[in-house]
């Protein structure tokens, strides 16, 4: 029908226009953040090297892994193959970049709108967001907090290195215990003011433990990137690896929980400085936090380039 074809064409142009406006807004706030951080590092040596290149790749890979993990939760909640791998990565990257807009709601809203357009129910989406939040919190805090406390109280490199693998397994082991899983999910749903899903829609403890283990991967990837950046600046010893990973894990989740700060800018850096002064002086810790943010921004810029390329190819084929 000519009328329907005209409506589809009009809707396509509206969708593309909104996408262009969103990308423009993200680019604007991204440029402001990058300019501010570059100004703060004036006089510092930012010559790229293989270590920082690998760090940027780790930051970008952590986002892609998070996208696939969210897809697994969403598809299991929907009891169907509702979102493909490439679609999930594309949607997640677009939502990830929206974190530079003031307010955290844009990222969730984009994922929700896109998933709803694919026929996924709102309750299923909210369930995936709730579980994602739970896994992120456990993966970022359960291993990190004891290491941070061990560094502060004992400063024993040997005990910290031996303790780290066990601490990484703690959130996974906790979710294998059904009563613990029930209490955690019940508290989270109550905190988010969401109705608890029926028993038929709940997931097995084995699947939850598998997802929790999966969410450790992007946390560790980000921590490894931070270690590489730190080593490129100041050089680090083996006994500093686990504490630095824990510092970044803890700072990252606290920055994510700061809803008033776009992309957690300022909050994550403040926490990093407060933790890293255990190994560096205040000026060095502040410079490290700022340069880490710059490489993080470069990783997001690479993700944005991939997203634009995918969208442009899709529009050309329509």
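Just so it is clear, none of the values below were taken in a lab; they were calculated from the coordinates. Keep in mind it's a predicted model, so treat the numbers as computed, not measured. Glycine gets a Cβ as well: all are built from the backbone with ideal geometry, and neighbour counts include every protein chain shown.
Distance between the pseudo-spin-label points of residue 85 and residue 108 (7 Å out from Cα toward the beta carbon): 2.9 nm. Among 283, 269, 132, a tally of other beta-carbon atoms within 10 Å of each Cβ gives an order, fewest to most, of 283, 132, 269. A full extension of the chain between residue 238 and residue 152 corresponds to an added length of 29.2 nm, given 0.36 nm per residue minus the alpha carbon distance. For the range 53-84 versus the range 225-286, the spacing of their alpha-carbon centroids is 24 Å. Annotation: peptides 306-312, 105-111, ranked by per-residue average of other Cβ atoms within 10 Å with the highest first, follow the order 105-111, 306-312. Assign one of three labels to the range 207-269, namely rounded, prolate or oblate, based on the Cα gyration tensor with a ≥ b ≥ c the square roots of its eigenvalues; rounded applies when a/c is under 1.5, prolate when it is not and a/b is larger than b/c, and oblate otherwise. Here the range 207-269 falls in the oblate category.
Taking each residue as 0.36 nm, the span from residue 278 to residue 308 lengthens on full extension beyond its C-alpha to C-alpha distance by 6.7 nm.
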